[in-house]
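Report on one structure; see the data block that follows.
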Amino acid sequence: MLDNLTIWEKHPNNTGGVLIAAFEGWNDAGNASSWAIRHLRENFNAEPFAHIDAEQFYDFSETRPLVHLEKDGRQLDWPITQFSTSSEQNILLLEGIEPHLQWKTFVQEITSIATSLEVSMVITLGSLLTEVPHTRPVMIYGFCEDAEMSSRLNLQKSMYEGPTGIIGVLNQNIQEAGIPAISLWATVPNYVSGAASPKATLALVNRLNEILPEASLTTELEIASASYERQVDQLIEDDEDMRAYVTDLEYRYDQGEFDADPASGFGDQVERWLHDGANPDEG
């Protein structure tokens, strides 16, 4: 770890656990991945134990600090990359905002912390906008470079080449340090890009529950997911063109066009989105 970059509130007692990470921003369509981390933190009663100082990594004119009022006066909340853990589960959580500056130093610091805590595996979460219907199950696209782990957990090796976000940089650094890494991505319908998607969050958490021995309760997410689907139904109800578009997406989904298979057209959509950082069809 580099001097003065990480502020430790306390050192966790548990080591050898799994680190799960997500970042707001480019990798977080529909807030699905950041909400998944927040759900895990609340569900596991995880408490912060360290955070990375924001000063070197953020342009505060882009990600501004927030002012709020306390009894003793005005307080500033700065962007934060925070580690938390639970005494009951051997899981570490990392949440923050994709940094603007010094990505190499940023991921090296995270990797150093993971190494010092003897982390056994890192799982990063992301979400992307693509052509999928909100009325069907969310597709989860899982990547891993380890052949044995990929086979055991039904993941695949990424064949993507092109620009990447902080998740891609972190995964690469973690793997080079000899720590197994998995990346899970949820799909979010491109026609509701401005809305949070608890349905995609639920899908990510359910996939994590398949991988990890510590299962997270999902009742609240299931309720929010059903409400989200009803709200989107109402949103498009009076728009004939949008209803026709969704019907077409449903047909294509049911025909298997969106199967999470690297040989499918859906895989091509994922890679175009990662390359363009936008709706795949706009590339």
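Listed values, structure above:
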item: Meets criteria (part of a loop (DSSP other than H, G, I, E, B) and under 30 Å from Tyr245 (Cα atoms)) for Val119; result: no
item: The stretch 97-110 residues that are surrounded by 17 or more Cβ atoms within 10 Å (Cβ to Cβ), paired with ones that are small (Gly, Ala, Ser) (beta carbon under 8 Å, 6 or more apart); result: Ile97/Gly25; Glu98/Gly25; Glu98/Gly165; Ile110/Ala21
item: Residues of the stretch 65-96 satisfying the condition of being among the polar types (S, T, N, Q), surrounded by fewer than 20 Cβ atoms within 10 Å (Cβ to Cβ) and closer than 13 Å to Asp53 by Cα; result: Gln82
item: Residue among Gly142, Gly126 that is touching a Ser or Thr at 6+ places or on another chain (Cβ under 6 Å), on the phi < 0 side of the Ramachandran plot and not in a loop (DSSP other than H, G, I, E, B); result: Gly126
item: Lone qualifier among Arg38, Arg74, Arg64 - being among the basic types (Lys, Arg) and either at pLDDT 95 or above or assigned to a helix (DSSP H, G or I) (or both); result: Arg38
item: Boolean, Gly30 is in contact with a strand residue (DSSP E or B) (Cβ under 9 Å, 6 or more places away or on another chain), in contact (Cβ under 8 Å) with a residue 40 or more places away in the chain and either buried (at least 19 other Cβ atoms within 10 Å of the Cβ) or part of a loop (DSSP other than H, G, I, E, B) (or both); result: yes
item: Residue satisfying all of: in the stretch 222-241; over 23 Å from Asn206 (Cα atoms) and touching a Lys or Arg at 6+ places or on another chain (Cβ under 8 Å); surrounded by the most Cβ atoms within 10 Å (Cβ to Cβ) among these; result: Ile236
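The values are calculated or read from the model by the stated rules, or taken from the named source; none is laboratory data. Nothing here was measured: the structure is a model prediction, and the numbers come from that model. All Cβ positions, even for glycine, are placed from backbone atoms using ideal geometry, and neighbour counts span all protein chains on display.
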